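The numbers here are math on the coordinates, done by the rules we state, and not lab data. Just so it is clear, the structure is predicted and the values come from calculations on it, not from any experiment. Cβ atoms come from the backbone with ideal geometry, glycine included; neighbour counts cover every protein chain shown.
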């Protein structure tokens, strides 16, 4: 479930390898424009070359968002998009009490296929 209570589907990724950016965070109190910026970043990420999808959940104060990219270069390019840079700065100054970003190459995945 996303922060706004809407169930998000599991991202449909291609066969590996691909890149996963794992953003784990704890939020500060209040919204301070976070919801609007989060929606904008979702929209903007979808427009980026190499974007494959993302998944996000928050429970007991800890949030995890995993975005998927064709490769490390595409993920690095997203980090440098001007509007995303603004959101990152705002995150550090206003929205997050703590966060960690991890970047990994997905070598295998095991999706359950519905029949």
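Between residue 40 and residue 107, how high is the FRET efficiency from 1/(1 + (r/R0)^6) when r is the Cβ-Cβ distance and R₀ = 41 Å? Nearest 0.05.
0.80
Can you bin segment 1-91 into rounded, prolate or oblate? Criterion: square roots of the alpha carbon gyration tensor eigenvalues sorted a ≥ b ≥ c, rounded for a/c under 1.5, prolate for a/b above b/c, oblate for the rest.
Values: a/c = 1.93, a/b = 1.32, b/c = 1.47.
Oblate, because a/c is 1.5 or more while a/b does not exceed b/c.
At a threshold of 8 angstrom on Cα-Cα distance, excluding pairs fewer than six apart, so keeping six or more, what relative contact order does segment 18-106 reach in percent? Please list the in-between numbers first.
Values: 132 pairs, mean separation 45.4, N = 89.
The normalised contact order for segment 18-106 reaches 51 percent.
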